[in-house]
Structure formats: C-alpha cells, structure tokens
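What follows is calculated from the coordinates using simple rules that are stated; it is not laboratory data. Predicted model, so just to flag it, every value in this text is computed and none were measured. All Cβ positions, glycine included, derive from the backbone under ideal geometry; neighbour counts span all protein chains shown.
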Amino acid sequence: MTNEFTQPQKDEIAQSLKPFLAETFQLYVATLNVHWNVTGPLFQPVHALTEEQYLELAPAIDEIAERIRSLGHKAPATMQQYMDTGSVADGDENASAEAMVKALQAGHEQLANRIRPLIAQAADASDDVTAGLLTDRLTVHEKAQWMLGAMLG
Ligand SMILES: [Fe+2]
C-alpha cells in the first residue's frame, strides 16, 4: 500500500531525532547555566529572556522524545547518551554576559542547522507530523537567534 509509513522509514527518522533530542536537552542546560549565573549590567534582560527560553525548551524536549516513542523507538534519556550523541557545548558560568549570550546564540544556530535537513528527510517519507514538529522547532531557534543577537545591539 503506497500510503504506508513503513517501519524502516520510521527507524530512519527516529535515529535522526535522537541526536536532536540530545542537543535540545544540552541547549536547555546551557540556557539554565546563563539564567542562573549571568552577572553585570545585562543581568536583568538576560535572566528574563533565558527564563522564557528554558520554559519553552522543557516541553519541546518532551515532545521530541514522545515523537521518537511514536516512531517505535525508546527515547534516549541518560546524560551519557546525550553527551555521546549531542555536540552543543556546555555553558561557562564564569563567562561575561556578552559571551554567554553569543554562546547561546551559537547553540540555537547549531540546532537550526541540524533541523533543516531533518525536515527534508521527514517530508521525503511523507511524515508530516515530524516535519511539522521540526518546523515549529526551527521557528523557535531562528527567533531565539534574533532575540539574543538584538540584546547585544
Ligand atoms: Fe529562575
């Protein structure tokens, strides 16, 4: 049947979503690092913006993990797996506010760059659900890059 979403297609997409889940989790932790440890004149706006961002990222992590489950795979949920498969850098709690903002911006850019080819992969399999989820995530990461960049003038 031509409209079937086959298990091999699901496997391919699930495998691609696993490092994306890892990196979204890593960016969540890096965002908390900035929220908690930022100092200096930018404290208030950075503290507030990163709160909005980590509150947005938390349910997104759950949504990505549950999509992996819907595709028939176990969702990676150990720090070890996240470190092994993700490459978003840890935050530096002693960095300047400007460096912290730039590092977060780079993390959002890294996520956006990971997502773009995954949307095409999902579309090729007519997996509109994953493509939609990924498009929503791309929107968030592109917007975050703008907002963090605007903070630096
Ligand atoms: Fe807080």
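General observations
- Each residue of region 24-34 was assigned a 3J(HN,Hα) from its phi angle through the Karplus curve 6.51 cos²θ - 1.76 cosθ + 1.60 (θ = phi - 60°); the sequence is 5, 5, 4, 5, 4, 5, 5, 5, 4, 4, 5 Hz, with glycine and proline shown as x.
- Each residue of region 76-83 was assigned a 3J(HN,Hα) from its phi angle through the Karplus expression (A = 6.51, B = -1.76, C = 1.60, θ = phi - 60°), giving x, 8, 10, 4, 4, 5, 5, 5 Hz with x at Gly and Pro.
- For region 6-21, 3J(HN,Hα) per residue [Karplus equation, 6.51 cos²θ - 1.76 cosθ + 1.60, θ = phi - 60°, Hz, x = Gly/Pro]: 6, 4, x, 5, 4, 4, 4, 5, 4, 4, 6, 6, 4, x, 5, 4
- Isotropically averaged projected area of region 1-94, using the convex hull of Cα atoms (one quarter of hull area), nm²: 7.2 nm²
- Net charge, THR85 excluded, C-beta distance under 12 Å - Lys, Arg +1, Asp, Glu -1: 0
- For region 27-153, the fraction of alpha-carbon pairs in successive 10 Å shells from zero, as %: 12, 41, 32, 13, 2
- Full extension of the segment from GLN7 to ARG116, taken as 0.36 nm per residue of separation minus the current Cα-Cα distance, would add 37.0 nm.
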